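Nothing in this text is a laboratory measurement; each read-out follows from the coordinates by a stated rule. Given the structure is predicted, the values throughout are model-derived calculations rather than measurements. We place every Cβ from the backbone using ideal geometry, glycine too, and count neighbours over all the protein chains shown.
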There are 2 protein chains.
Amino acid sequence: MSPYWSPLVHRLTPYVPGEQPQLPGLVKLNTNENPYPPSPHAVAAMQGELGSDGARLRLYPDPSADALKGAIAAHFAARAGCTLTPEQIFVGNGSDEVLAHAFMALLKHDAPILMPDISYSFYPVYCRLYGVEHLSVPLGEAFEIRVGDYAGEFGNGVGGIVLANPNAPTGRLLPLSAIEQLLAANPRSVVVIDEAYIDFAGETIPTAIALIDRHPNLLVIRTLSKSHSLAGLRVGYAVGDAGLIEALERIKNSFNSYPLDRLAIAGASAALADTTHLDMTRRAVMHSRATLTRALEELGFAVVPSAANFIFARHATHDAGQLAAALRARSVIVRHFRLPRIDQHLRITVGTDAQCAALIGALREIVA
Amino acid sequence: MSPYWSPLVHRLTPYVPGEQPQLPGLVKLNTNENPYPPSPHAVAAMQGELGSDGARLRLYPDPSADALKGAIAAHFAARAGCTLTPEQIFVGNGSDEVLAHAFMALLKHDAPILMPDISYSFYPVYCRLYGVEHLSVPLGEAFEIRVGDYAGEFGNGVGGIVLANPNAPTGRLLPLSAIEQLLAANPRSVVVIDEAYIDFAGETIPTAIALIDRHPNLLVIRTLSKSHSLAGLRVGYAVGDAGLIEALERIKNSFNSYPLDRLAIAGASAALADTTHLDMTRRAVMHSRATLTRALEELGFAVVPSAANFIFARHATHDAGQLAAALRARSVIVRHFRLPRIDQHLRITVGTDAQCAALIGALREIVA
């Protein structure tokens, strides 16, 4: 603490990211990283931008990253048959930065915003940063989001809604019909759908981006950290009505003109174009997820149905904190949240089949 | 405009960066980029981090970028004999992001902050973003900062002070003794010194980082965009008392856990270690600056003494806006600000000797 702090610094409770230990031989299943490398085309694009002498890096990047916006539009034209214009796309330094700007630009109103009581734990952190009031809406008994609960009476109205779909850390998916019901019931509030994990939801990807032309209050936020294996590159984006995107651009251009560096723009653009690689790796993860689910169930875990690249599971008799500690002693790290309702669950990233086997082997010893 | 905007979005006047046209054969002297490539060691470090298959990029970067903080400490231990601890160093996505966090964390108080009437035009943009009141303190007749003007009576006191040194777009340098005088006169206010251009100030670099141990209210902000030729990589940092740095960390960890990607951390760390390359390129720029200054004076320009990698100059008879347009017609772009007091000046980046010669050749035709 220091007498020089602005008053707001005192009220903050910063987010604590999952640890990034640098230990050899570690089975790292704690931060939902993709176990497979990124697209070789993305690597080639970054090598190309770097060149032999890095001379391009002496120049500022394109502040609006038009090439990346073009790649995002092309990706959804090919994948989902959507026609997106650059004015419907915003890009940022990871989806965390995009979310932060969305809280400031679109969710800060007189009325409180709504979010599930169990969701991405960064959302309440943004609320404190920007002075946004929020109400927590309880998930159902099976951790399901009940969209009807977001359309009821909330005093002075609803300042906005933010949901992760699939939700984190539960992994549960809300069908597109439920999202549409939520949008229709709240036409005067911005609804932010955080689709960080949606590419793992199934062979067909039920993205809400398909709805943006019909709902000017819908903002969909995505990241390249998970399904594109680029957590280390920091690229996220938002898709929505041009009016919502303009608000994000105004904040961004009052904050940092160039949040994406040249290598990130080049790598992300090429990664989005390589849908073959995307499909190969996401199918591998979904396949491993099914195998891991069965193995965990055989060991006595109750597993929440997952549409993400992680599994949320609770053992019938063993304490979650003790399980996490025992796994760590065997060089396997998973995430355990000491929070109400979920302190007996573990969130386990779906790794390669070999990593999943190492986890199961360790758990078999522990629960024996 | 959209009914979904937060009220604050309406009040913003976003910053407009210098344009980044993609035209072949352009002599680009408008955004103060370094004309020389970055350190070959920086390029090698980025190639190494990328590897043959980009596999490291699937993992999140170190959220606190400890390797980069170590490289910054080592840089100043070697260059300035300073001993910096990691708790005295903050890193971010370009110095613009670092500045933004500083405005929110350290400059938002009840009393207005002070800044020169002519300085980096992003400062008032941050003020509007975060609702920080500010007062503009006029520069002297020769565009000099008069530090005595920042210690007078300002109603309810001073919420903080922000200065660029060398100042932009003037290029004028304030000696370290004047900075120390300013710090001593304002012990209860944070003083932010933005040293984006300080490496071009002379053979010995008069950085205020030398003062941080004696002044807990001093925050010095730096960038790798200019002297390290890495504008395209987006790395900046701040050095100051641990209490000030903690405030920045609290904001950053409530905003975006990982603002620096793996390639940026690797490249910036290696660039800071290569002081031989830094000295070679900054000396070349300073040499070209002297030559360019003489040539401009011979063409009838009055040149403000520059300690930066740009020159701020006014022609005796030709209108600055017309000169900028005529240069553009000859594929040379410089920056012209249509602002009070400086609308008859041009800000010209110091390029290679060949680029400077092209500029002078074009100007000779124009003013003939």
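Average the reciprocal distances over every distinct pair of alpha-carbons in segment A:40-273, invert the result, and give the Kirkwood radius in Å.
Working: mean 1/r = 0.0552 Å⁻¹.
Every distinct Cα pair counted, the radius reaches 18.1 Å.
If you rank B:Glu49, A:Glu298 by fewest surrounding Cβ atoms within 10 Å, what's the result? Each step should come with its number before you reach the end.
Numbers: B:Glu49 22, A:Glu298 10.
Least to most surrounded, the residues fall as A:Glu298, B:Glu49.
Give me a comma-separated list of calculated 3J(HN,Hα) values for segment B:350-361, in order, Karplus coefficients 6.51, -1.76, 1.60 applied at θ = phi - 60°, integers in Hz, x for any Gly or Pro.
Along segment B:350-361, the couplings run 7, x, 5, 4, 5, 5, 4, 5, 5, 4, 5, x Hz.
Given N residues in the protein assembly as shown, what is its alpha carbon radius of gyration divided by 2.2 N^0.38 Å? Don't jump to the answer; show the numbers that get you there.
Details: Rg = 26.4 Å, N = 736, 2.2 N^0.38 = 27.0 Å.
Working it through for the protein assembly as shown, the quotient is 0.98.
Collect residues whose amide H, placed 1.01 Å from N in the peptide plane, falls under 5 Å from the amide H of B:Val137; neighbours closer than 5 in sequence don't count.
Amide H neighbours of B:Val137, under 5 Å, 5+ apart: B:Met115, B:Asp117.
Are there chymotrypsin sites (Phe, Trp or Tyr not before Pro) in segment B:100-157 that DSSP marks as loop and that have at most 10 other Cβ atoms within 10 Å, and which are they?
Of the chymotrypsin sites (Phe, Trp or Tyr not before Pro), not one in the loops of segment B:100-157 has a Cβ with at most 10 other Cβ atoms within 10 Å.
Counting alpha carbon pairs within less than 8 Å and at least 6 residues apart, what relative contact order, in whole percent, applies to segment A:40-273?
Once divided by the residue count of segment A:40-273, the mean separation gives 30 percent.
For labels at B:Arg364 and B:Ser52 in the simple 7 Å Cα→Cβ model, what's the distance in nm?
Taking the simple label geometry, B:Arg364 and B:Ser52 are separated by 5.4 nm.
Going by a ≥ b ≥ c, the root eigenvalues of the Cα gyration tensor, does segment B:137-288 fall in the rounded group (a/c under 1.5), the prolate group (a/b larger than b/c) or the oblate group?
On the way: a/c = 2.12, a/b = 1.23, b/c = 1.72.
Oblate.
Report, in deg cm²/dmol and to the nearest 500, the calculated mean residue ellipticity at 222 nm for chain B, where each DSSP H run with n ≥ 4 adds -39500 (n - 2.57) and the sum is divided by the residue count.
-11500 deg cm²/dmol
Which loop-located trypsin sites (Lys or Arg not before Pro) does segment B:165-274 contain, where loop means any DSSP state but H, G, I, E or B and the Cβ has at most 14 other Cβ atoms within 10 Å?
B:Arg188, B:Arg214
Residue-wise, which Karplus ³J(HN,Hα) couplings in Hz belong to segment B:192-201, taking 6.51 cos²θ - 1.76 cosθ + 1.60, θ = phi - 60°, and x for glycine or proline?
In residue order, the calculated couplings are 9, 10, 8, 9, 3, 10, 5, 5, 9, 7 Hz.
Counting other beta carbons within 10 Å of each Cβ, put A:Ser52, A:Ser6, B:Ser121, A:Ser189 in order, fewest first.
A:Ser52, B:Ser121, A:Ser6, A:Ser189
For the residue pair B:Ala325 and B:Ala357, what label-to-label distance in nm results when each label sits 7 Å from Cα along the Cα-to-beta-carbon direction?
3.1 nm
Give the total of Lys-Lys pairs in the protein assembly as shown with Cα-Cα distances below 21 Å; include a pair only if its members are 8 or more places apart or on different chains.
Lysine pairs meeting both conditions in the protein assembly as shown amount to 12.
For a label point 7 angstrom out from the Cα of B:Thr276 toward its Cβ, which stretches of segment B:39-83 have the backbone nitrogen within less than 11 Å?
Inside the label zone: B:40-41.
One decimal, nm, shortest first: give the distances between the label point of A:Thr83 and those of the same position in the other copies, each label point 7 Å from Cα along Cα→Cβ.
6.7
What ranking of B:Ile245, A:Ile205 emerges when the number of other C-beta atoms within 10 Å of each C-beta is taken as an exposure proxy, fewest first?
Numbers: B:Ile245 22, A:Ile205 17.
Starting with the residue having the fewest Cβ neighbours, the order is A:Ile205, B:Ile245.
Inside 10 Å of the C-beta atoms of A:14-27, what's the mean count of C-beta atoms belonging to other chains?
That works out to 3 on average.
Between A:Leu135 and A:Arg341, what FRET efficiency comes out of the Förster formula 1/(1 + (r/R0)^6) with R0 = 22 Å and r the beta carbon distance, rounded to 0.05?
For A:Arg341 and A:Leu135, the calculated efficiency is 0.85.
How far is A:Gln322 from the same spot in each other copy, in nm, shortest first, if each label point sits 7 Å from Cα toward Cβ?
Result, one decimal in nm: 8.7.
Can you work out the FRET efficiency for the pair A:Thr13 and B:Thr291, with r the C-beta to C-beta distance and R0 = 60 Å, to the nearest 0.05?
Once the sixth-power term is evaluated, E becomes 0.60.
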